[in-house]
1. When the accessible area of region 46-88 is split by element with a 1.4 Å probe, what percent falls to carbon and sulfur?
2. Whole number in Å², please: accessible area per residue of the chain, 1.4 Å probe, ligands, DNA and RNA not counted.
3. Per Stokes-Einstein, at 10 °C and 1.306 mPa s, what whole-number D in µm² s⁻¹ belongs to region 1-54, with the Kirkwood radius over Cα pairs as the hydrodynamic radius?
4. Over all directions, what mean area does the Cα convex hull of the chain project, stated in square nanometres?
5. Read phi for every residue in region 41-53 and hand back ³J(HN,Hα) as whole Hz from Karplus 6.51 cos²θ - 1.76 cosθ + 1.60, θ = phi - 60°, with x for Gly and Pro.
6. Using packing as a proxy for protection, rank 17-27, 54-64 so that the peptide with the highest average count of other Cβ atoms within 10 Å comes first.
Amino acid sequence: MTWLLIFTMGAVVFLNRYAFLEPRLPLRLSSNARQFLGFAVPGMLTAICGPIIFLPDHQLNLSPLNPYLLGAVAAVVLVLLTRRVLLSMLVSMLIFFLLRSWLT
């Protein structure tokens, strides 16, 4: 039963993506729908990262000694300064791990 569910959900996800990626299918989105979907990735990223950054111990932590918050600020600043995502991610992860080991 578990394998059936896994394969069924895999097929649903594949067909959902395939419908928009296959150029021979006559499915086209309007400009409003494309603009609306442009907000999906930042919204999903915020929904995933927000609780990790602001609620590390399942409590709101906005202190300046929160390594998660400092690491996120460092990542944003690095991306804005360098415009290189991979470099910014690696450096901000290093900053986060150093801050986490130093502050806790």
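The values are calculated or read from the model by the stated rules, or taken from the named source; none is laboratory data. It should be emphasised that the depicted structure is a prediction, and the values quoted were computed from it without experimental measurement. Quick reminder, even Gly has a Cβ in these numbers, built from the backbone with ideal geometry, and neighbours come from all protein chains shown. For the accessible areas, the whole protein counts, side chains as well, though only heavy atoms, and no ligand, DNA or RNA atoms are used. Shrake-Rupley method; radii C 1.70, N 1.55, O 1.52, S 1.80 Å.
1. 73 percent
2. 86 Å²
3. D = 114 µm²/s.
4. Taking the Cα atoms of the chain, their convex hull projects to 11.1 nm² on average.
5. The phi angles translate into 5, x, x, 5, 5, 5, 5, 7, 7, x, x, 5, 6 Hz.
6. 54-64, 17-27
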